[in-house]
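In what follows, a structure is listed as C-alpha cells, so that the remarks can point back to it.
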Amino acid sequence: MRSAPVFRKRYVLLAILFLIVSFVTYRITHFTPVGQSVINKVKVTNLINLYVTEVNAGATTAFSYRFYLFDASKSDAAFIESLNGKSHPFLITSDRDALKKVENQAIYISVKGEVYSFYSSPGIMKEGFIYSVPVYLTATPF
C-alpha cells in the first residue's frame with residue numbers, strides 16, 4: 001500500500017502559505033488610506049449646509065475637493081461621521097477655490113481644472129422630504 005496517493009505535510013504547508021500570501025496581497029491592494037478634512041462650511045438655507053472637504057489619498061496623488069449638502073440641524077461631528085459611506089458628494093473636483101458664492105439659496109461654482117464627478121440636482125432627505133438646492137456650475141480646463 002505504499003504506492004497509494006497520500007497528502008504530504010509539505011503540500012499542506014505550501015497550501016497554507018499560499019492562502020496567507022493571497023490574503024495579505026488582497027488586503028494590501030484594497031487598503032486605501034483616504035483622509036478627508038473639512039475646509040469650508042457655508043449655510044445655504046435654514047435646513048441645509050454646504051460642506052467642502054479636502055481629500056488626500058497619499059503622497060503620490062493630488063488633492064481632490066468634494067462638495068456635500070448636509071442637514072443644518074446636525075452637528076459637524078455628525079457630518080464627519082457620515083463621510084464613512086452615508087454621504088455622497090454632488091461634486092468632486094481638483095479646484096480648491098471652486099466655490100464662488102452662496103446667494104438666494106443657490107450655490108455658484110466655477111471650476112478651473114478637472115471635474116471628476118457632478119450631479120446636477122443635489123439634495124438631502126430630511127423628515128421624509130427631499131430638499132434640493134440649485135447649483136450653477138461653470139467649468140474651464142485651465
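The values are calculated or read from the model by the stated rules, or taken from the named source; none is laboratory data. Keep in mind that this is a model prediction, so the values were computed, not measured. A quick note on method: Cβ atoms are made from the backbone with ideal geometry, for glycine too, and the neighbour counts reach across all protein chains shown.
A count restricted to the stretch 121-142 and to residues that are part of a loop (DSSP other than H, G, I, E, B) and in contact (Cβ under 8 Å) with a residue 24 or more places away in the chain stands at 5.
Restricting to the stretch 113-127, give me the number of residues that are within 19 Å of Thr53 (Cβ to Cβ) and of a type in the set (D, E, K, R).
Initial filter on the stretch 113-127 (within 19 Å of Thr53 (Cβ to Cβ)): 113-119, 122-124.
Then keep just the ones that are of a type in the set (D, E, K, R); that gives 114.
Counting residues in the stretch 113-127 that are within 19 Å of Thr53 (Cβ to Cβ) and of a type in the set (D, E, K, R) gives 1.
Tyr51 meets the conditions (1) modelled with pLDDT of 85 or more; (2) over 30 Å from Pro89 (Cβ atoms) in every case but one. The failed one is (2).
Of the residues examined, Tyr108 is not one that is surrounded by 14 or more Cβ atoms within 10 Å (Cβ to Cβ), in a strand (DSSP E or B) and in contact with a Gly (Cβ under 7 Å, 6 or more places away or on another chain). Within the stretch 66-94, restricting attention to residues that are farther than 18 Å from Ile130 by Cβ and among the polar types (S, T, N, Q), the residue that is farthest from the chain's Cα centre (by Cα) is Ser75.
Assess whether Ala78 counts as being small (Gly, Ala, Ser), on the phi < 0 side of the Ramachandran plot and surrounded by fewer than 16 Cβ atoms within 10 Å (Cβ to Cβ). So Ala78 passes the test. In the stretch 111-139, the qualifying residues are those that are touching an Asp or Glu at 6+ places or on another chain (Cβ under 7 Å) and under 22 Å from Lys74 (Cα atoms), and the one that is surrounded by the most Cβ atoms within 10 Å (Cβ to Cβ) is Ile124.
For the stretch 17-88, please list each of the strands (runs of 3 or more DSSP E) lying entirely inside it that holds at least 3 residues being among the β-branched types (Val, Ile, Thr) and under 26 Å from Lys112 (Cα atoms). Walk me through how you get there before you give the answer.
Numbers: elements: 35-43, 48-56, 64-71.
Of the strands (runs of 3 or more DSSP E) lying wholly inside the stretch 17-88, those with at least 3 residues that are among the β-branched types (Val, Ile, Thr) and under 26 Å from Lys112 (Cα atoms) span 35-43, 48-56.
Counting only residues that are of a type in the set (A, V, I, L, M, F, W, C) and crowded, with 17+ Cβ neighbours inside 10 Å, which one in the stretch 54-71 is modelled with the lowest pLDDT?
Keep residues of the stretch 54-71 that are of a type in the set (A, V, I, L, M, F, W, C), which gives 55, 57, 59, 62-63, 67, 69-70.
From what's left, crowded, with 17+ Cβ neighbours inside 10 Å: 55, 67, 69-70.
Values: Val55: 90, Phe67: 96, Leu69: 94, Phe70: 94.
Step by step, filter the stretch 54-71, then rank; the result is Val55.
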